[in-house]
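Asker: Below is one structure. I have some questions about it.
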Amino acid sequence: MPDLTDTQNERDDRQIPIDRVGVKSLRYPVEIRDKENRTQHTVATVSLAVDLPHHYKGTHMSRFVEVMNAHGPCLSVRDISQIPLELIGRLDAQKAHIDFRFPYFIEKQAPVSGSPGMMDYEVTFEVEAMGEAVDFIVRVEVPVTTLCPCSKAISARGAHNQRGIVTLAVRFTSPIWIEDLVRLVEDCASSELYSLLKRPDEKFVTEEAFDNPVFVEDLVRGVAERANGHEQITWYRVEAENFESIHNHNAWAMIEKAKA
């Protein structure tokens, strides 16, 4: 085969380094172990990037996919944590960053009838390597119900409620179960969500929400309080966004903290 021109390795004279360059929206099968010691197979949407020194014209895009494929047809959490280090080596970079975003399923029983149903949660593994140091963040997006305390206080009949999303991102000293992060969030809501509810269940969750009104401020403070007391969590960022049922806008709050 004749030699082909390697344009990416040509010099760029603009003296502008690039913070991140790579590939996005790559789908890849992953295998995640759940708290019941089973394995769950799902599909992640992946982003991979490295930094690019100012003197290089471009990066080698094919090498990102080659690094993934070298781990076989299904990636584990251990594989994912090693990929940024491998990218640094393959692409002669100083830093590498990856995001693996995937749906994760938990079977939940309805609160009264016990009817089983599968709830899905969006989970992201965000891993960054600089040299030999690796930073791993787990992020979960948990749908919840919130009921407005102000509406309950001023209304003669009922109170407005809505579905919201709580996003909790954490750094940790030792592996932490996705299920435990989901439970930490759901315990702070007016009511948790279920995929299947019979009439007795619907009555229960409606009344539970009414008995536990929370603003988005209450919600993020509740999650922060529990994260502060969690021994494995060293840093967290919690965001709550309510899809308001009586407004044409959303309510939002956020707390971020590195624990000493």
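Asker: May I ask you to sort ILE106, ILE16 by Cβ crowding, counting other Cβ atoms within 10 Å and putting the fewest first? Present the calculation step by step, with values, prior to reporting the outcome.
Answerer: On the way: ILE106 18, ILE16 8.
By the 10 Å Cβ count, ascending, the order reads ILE16, ILE106.
Asker: Let me see the pair-distance distribution of the chain: every alpha carbon pair, 10 Å bin width, integer percents in order.
Answerer: 6, 25, 28, 21, 12, 6, 2, 0, 0
Asker: Here's a follow-up. Quick one: in the stretch 31-98, what % of C-alpha pairs are over 13 Å apart? If you can, show how the numbers build up before the last one.
Answerer: On the way: 1530 of 2278 pairs.
In whole percent, the share of Cα-Cα pairs in the stretch 31-98 beyond 13 Å is 67.
Asker: A further question follows. Enumerate by residue number the chymotrypsin sites (Phe, Trp or Tyr not before Pro) in the stretch 79-128 meeting two conditions: DSSP loop (anything except H, G, I, E, B), and at most 13 other Cβ atoms within 10 Å of the site's Cβ.
Answerer: Working: sites: PHE100, TYR104, PHE105, TYR121, PHE125; in loops: none.
When the chymotrypsin sites (Phe, Trp or Tyr not before Pro) of the stretch 79-128 are filtered for loop state and at most 13 Cβ neighbours within 10 Å, nothing remains.
Asker: Which helices count as membrane-span-like in the chain under these terms: full DSSP H, at least 15 Å along the axis by C-alpha, Kyte-Doolittle mean of -1.0 or more?
Answerer: Both cut-offs are met by 77-91, 216-228.
Asker: Quickly work out the ILE246-to-CYS150 label distance, labels modelled 7 Å from Cα along the C-beta direction, and quote it in nm with one decimal.
Answerer: Going from the CYS150 label point to the ILE246 one covers 0.9 nm.
Asker: Pull out the extension gain between MET118 and THR234, defined as 0.36 nm times the separation in residues minus the alpha carbon to alpha carbon distance; nm, one decimal.
Answerer: Gain in length upon complete extension: 38.7 nm.
Asker: Relative to 2.2 N^0.38 Å, what does the C-alpha radius of gyration of the stretch 154-260 come to as a ratio? Two decimals please.
Answerer: 1.17
Asker: Just from its helices, what would the mean residue ellipticity at 222 nm be for the chain, if runs of 4 or more DSSP H residues each count -39500 (n - 2.57) and the sum is divided by every residue, rounded to the nearest 500 deg cm²/dmol?
Answerer: Helix contribution divided over all residues of the chain: -7500 deg cm²/dmol.
Asker: Next question, about the same structure. Could you work out, for the stretch 1-155, what percent of all Cα-Cα pairs fall into each 10 Å distance bin, beginning at 0 Å and stopping at the bin that holds the largest distance?
Answerer: 9, 31, 25, 17, 11, 6, 2, 0
Asker: Also, quick follow-up: Which order do SER47, SER155, SER76, SER25 fall in if you start with the one that has the fewest other Cβ atoms within 10 Å?
Answerer: Result, fewest neighbours first: SER25, SER155, SER76, SER47.
Asker: Which distance in Å, rounded to a whole number, links the C-alpha centroids of the stretch 225-260 and the stretch 175-196?
Answerer: Distance between centres, Cα-based: 13 Å.
Asker: Moving to a separate point now. A 24 angstrom limit on the alpha carbon distance is what I want to check against. Which of LYS57/LYS95; LYS108/LYS257; LYS152/LYS203; LYS35/LYS108; LYS35/LYS198; LYS108/LYS203 exceed it?
Answerer: Details: LYS57/LYS95 17 Å; LYS108/LYS257 31 Å; LYS152/LYS203 17 Å; LYS35/LYS108 14 Å; LYS35/LYS198 27 Å; LYS108/LYS203 17 Å.
Correct reply: LYS108/LYS257; LYS35/LYS198.
Bear in mind that the values in this text are calculations on the coordinates, not laboratory data. Since the structure is predicted, the reported quantities are computational estimates derived from the model, not experimental observations. Because the Cβ atoms are built from the backbone with ideal geometry, glycine has one as well, and the counts that use them run over all protein chains shown.
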